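K.L.:
Okay, here's the structure, questions in a sec.
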Amino acid sequence: MKLSEKSELDLSRDRSSESRVLLIGHDRNSEPLEQQLTNLHCSFTHAAGSADALRQLRETPFAVVITDPDTSIQEDLALVDEIWRLRPSVRVIVLAPSGTPEDLIAALRRRVFLCQCAPFDEREIARYAKSAIETDNSHVGIEVLSADRNWISVRMNCDLLNADRLTEFFKQFQMTLPERPPEEMMVAFQEILNNAVEHGGQNDPTKLLEIAAVQTARASVFYISDPGKGFRPDNIPHAAISYSPDDPTRHIEVRNRSGMRLGGYGILVASGIVDELIYSDVGNEVLLIKHMDSPERRRSTSEESWIPSRKNDMLEC
């Protein structure tokens, strides 16, 4: 075989391996994830453990590594450093049995592609793995500006995949908090974040958004700032919120004429979930606020439910 032919063969082999996923320690109970990866036409290979994974990565430029779901986030982040010394461009999906808020923040700072704690959603993990294979590496950017469990501030490339990843991070992060915000708050956050990416940033990954999540004793707050020119909330003909409930599809006609995707319900959905949706005067900054009962109020409400009624001696519950 000629040298040029051998080089072409090696290059072809490398290209094909770039679409492969390396599963570390997934031999046990891994069928659901394997099936989901197969459904999405993602080829995969197993590694017995960290040492075997590093050995295989020296030989093969895998596109995605999914860590052992039985190892801790701290162990996985130590492995991430070793992986990136060998393959700086590989995307790492961290799976772990549990995690603290600080563990999740450390994973976000380390810029892993995704971090999930048990119980796992294998379908979602496979979907993220496929996205990690297909996306441009320069578009995958979420930078931590500052972070602790009460205040997380990030800068993000304007891309819907990043919006999806950041939303998933906040979902996982809130699951580790002793006082969790309502789950539907994340629906509102994702709707408004997607609007900021699509309309404020024009889906241009060279543009940046800034996002902050603040948790107080009385409220859960999200702040989103996009690089767009802004808008007036009372003048958005492509959004459902601009029309009366008797005419719920008028905005669809506007979107069709403008060549926009189906949608337009984001602000309407979000405003029905949060207690306050506040836009800046320009319209390119927004606060989402969901008030929470204080621990004292929750205990009081719980105790009151067991106080005997004065009308009768039955217990209210």
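The values are calculated or read from the model by the stated rules, or taken from the named source; none is laboratory data. The structure presented is a predicted model; accordingly, all values stated were derived computationally and were not measured. Virtual Cβ from ideal backbone geometry, glycine too; neighbours counted across all protein chains shown. Heads up: the accessible areas ignore ligands, DNA and RNA and are worked out on the full protein's heavy atoms, side chains in. Shrake-Rupley method; radii C 1.70, N 1.55, O 1.52, S 1.80 Å.
K.L.:
Being open to solvent by 30 Å² or more (accessible area, probe 1.4 Å), under 11 Å from LYS290 (Cβ atoms) and within 17 Å of the chain's Cα centre (by Cα) is the requirement here; does GLU184 meet it?
P.N.:
Working: open to solvent by 30 Å² or more (accessible area, probe 1.4 Å): yes; under 11 Å from LYS290 (Cβ atoms): yes; within 17 Å of the chain's Cα centre (by Cα): yes.
When the stated conditions are applied, GLU184 passes them.
K.L.:
ILE73: of a type outside the set (S, T, N, Q), under 18 Å from ARG20 (Cα atoms) and open to solvent by less than 10 Å² (accessible area, probe 1.4 Å), yes or no? Let's see the steps before the verdict.
P.N.:
Working: of a type outside the set (S, T, N, Q): yes; under 18 Å from ARG20 (Cα atoms): no; open to solvent by less than 10 Å² (accessible area, probe 1.4 Å): yes.
Criteria not met by ILE73.
K.L.:
For the subset of region 15-68 comprising residues that are closer than 18 Å to PRO119 by Cα and acidic (Asp, Glu), which member is modelled with the lowest pLDDT?
P.N.:
Looking at the filtered set, the residue picked out is ASP27.
K.L.:
Looking only at residues that are assigned to a strand (DSSP E or B) and of a type in the set (A, V, I, L, M) in region 204-219, which one is farthest from LEU287 (Cα to Cα)?
P.N.:
Taking the candidates together, the pick is LEU208.
K.L.:
Given the condition surrounded by fewer than 12 Cβ atoms within 10 Å (Cβ to Cβ), assigned to a loop (DSSP other than H, G, I, E, B) and at pLDDT below 90, answer yes or no: does some residue in region 251-258 qualify?
P.N.:
no
K.L.:
Starting from region 129-146, take each residue that is under 22 Å from ALA212 (Cβ atoms) and of a type in the set (Ser, Thr, Tyr) and list its partners that are at pLDDT 95 or above and surrounded by fewer than 18 Cβ atoms within 10 Å (Cβ to Cβ), counting only C-beta distances under 8 angstrom and pairs at least six apart or across chains.
P.N.:
Listed pairs, sorted by first residue: SER146/SER153.
K.L.:
Could you identify the single residue in ARG165, ARG180, ARG127 that is among the charged types (D, E, K, R) and in a loop (DSSP other than H, G, I, E, B)?
P.N.:
Step by step, each of ARG165, ARG180, ARG127 is checked, and only ARG180 is among the charged types (D, E, K, R) and in a loop (DSSP other than H, G, I, E, B).
K.L.:
Now a separate question. So GLU59 passes all but one of these: (1) surrounded by 14 or more Cβ atoms within 10 Å (Cβ to Cβ); (2) out of contact with any Phe, Trp or Tyr (no Cβ under 6 Å at 6 or more places or on another chain); (3) not aliphatic (A, V, I, L, M). Which condition number does it fail?
P.N.:
Of (1) surrounded by 14 or more Cβ atoms within 10 Å (Cβ to Cβ); (2) out of contact with any Phe, Trp or Tyr (no Cβ under 6 Å at 6 or more places or on another chain); (3) not aliphatic (A, V, I, L, M), only one is false for GLU59: (1).
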